[in-house]
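Report on one structure; see the data block that follows.
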Amino acid sequence: MTVRAALPERYRVLVEPAAGCGMRQGEAFGLAVEDVDFLAGVVHVVRQVKLLRNRPVFAPPKGGKERDVPLPESVADALRAHLAKYPARPITLPWKSVDGKPVTAILILYSPEGLSLNRNRFNHRVWKPALEAAGVPTVRDNGTHALRHFYASVLLDAGESIKALSEYLGHHDPGFTLRTYTHLMPASETRTRAAVDGVFKRTGHTPRP
C-alpha cells in the first residue's frame, strides 16, 4: 500500500489493525499489547483513545461494544515486527471523562514523546501528508476510516456473513451493516455463476439433459 509506505515508520502498523481487523482509528490508538492474543489468534477490542475538550481519555469502543476479532497471521507478523522496534509503552489516561479514574494500558502506538496519539494532530500532520505523498486525494473519504471499509469489502467478497461482519466491526445491528455495505456485496447472479462453475470444474464435466 502506497500510503502505508509514505507514513513515518513508527505509525505504519496502524494500517494492519484497521485494514486487517476492521478497527476504528481511536480503537487502533488504544490497542494495548495485552489485548492481542497471538497464540489464540484474537484481538480484544476493549478501548479507544478519544478527545474530550481536546484532552485525551480512554473510553469503551463506540457504542460501548467490546468485541473479539480474528487476528490474521499477516497482521500478527506486522505487530510483532513493530513491537520489536518500538516496544509497547505504558500510557495512563483518565477513563471516560477528563476527571475520570486514571487507567493504564501498554499501548502499541504512541507519539515519539511517549504520549497517546491525538487524532487531530495525527490526521493533519501524519495521515494527510502521507496521502499527498502517495498521490491520493486528501478528501474525507480517504481518511483512516477507509481502511475499515477495505476490511468490510474483503470479508464480503470472501463470502463472510453480514452477521459475522457486524460483530467484527462492533455494530449493534446487522441491519446497519447491511445498509452500509450492501453495495459491496457480490450480486446474486455472480454468486450463482461462481457456485455452479465451481462444482462443474471440480467434477470435470457438465451434466447433460
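Taking the listed residues ALA105, ALA32, the one that is more than 20 Å from THR144 (Cα to Cα), out of contact with any helix residue (DSSP H, G or I) (no Cβ under 7 Å at 6 or more places or on another chain) and in contact (Cβ under 8 Å) with a residue 60 or more places away in the chain is ALA105, with no other qualifying. If the condition is being of a type outside the set (A, V, I, L, M) and either closer than 17 Å to LEU131 by Cβ or loosely packed, with under 14 Cβ neighbours inside 10 Å (or both), then the stretch 12-24 contributes only ARG12.
Checking each residue in the stretch 133-151 for being assigned to a helix (DSSP H, G or I) and surrounded by fewer than 13 Cβ atoms within 10 Å (Cβ to Cβ) picks out ARG140, ASP141.
Meeting the requirement of 3 or more residues that are over 17 Å from LEU107 (Cα atoms), the strands (runs of 3 or more DSSP E) wholly within the stretch 41-80 are 67-70.
Can you tell me which of GLU27, GLU9, GLU34 is charged (D, E, K, R) and either farther than 21 Å from ALA81 by Cβ or open to solvent by less than 40 Å² (accessible area, probe 1.4 Å) (or both)?
None of the other options fit; the residue is GLU27.
Looking across the stretch 37-54, the residues that are of a type in the set (D, E, K, R), open to solvent by 50 Å² or more (accessible area, probe 1.4 Å) and at pLDDT 95 or above come down to ASP37, LYS50.
Results for (1) open to solvent by 80 Å² or more (accessible area, probe 1.4 Å); (2) in a strand (DSSP E or B); (3) among the basic types (Lys, Arg); (4) modelled with pLDDT under 95, shown as yes or no for each residue.
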residue	(1), (2), (3), (4)
PRO90	yes, yes, no, no
GLY114	no, no, no, no
ASN123	no, no, no, no
TRP127	no, no, no, no
ALA130	no, no, no, no
SER153	no, no, no, yes
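Residue count for the stretch 13-40 under the criterion of being part of a strand (DSSP E or B) and under 15 Å from LEU117 (Cα atoms): the result is 1.
Take the conditions open to solvent by less than 80 Å² (accessible area, probe 1.4 Å), in a helix (DSSP H, G or I) and at pLDDT below 80 and apply them to VAL196. Does it pass? Judged against the criteria, VAL196 is a match.
The values are calculated or read from the model by the stated rules, or taken from the named source; none is laboratory data. As the structure is a prediction and not an experimental result, all values here were calculated from the model. Ideal geometry is used to build each Cβ from the backbone, glycine not excepted, and the neighbour counts take in all protein chains shown. Just the protein is used for accessible areas: all its heavy atoms, side chains included, with ligands, DNA and RNA removed. Shrake-Rupley method; radii C 1.70, N 1.55, O 1.52, S 1.80 Å.
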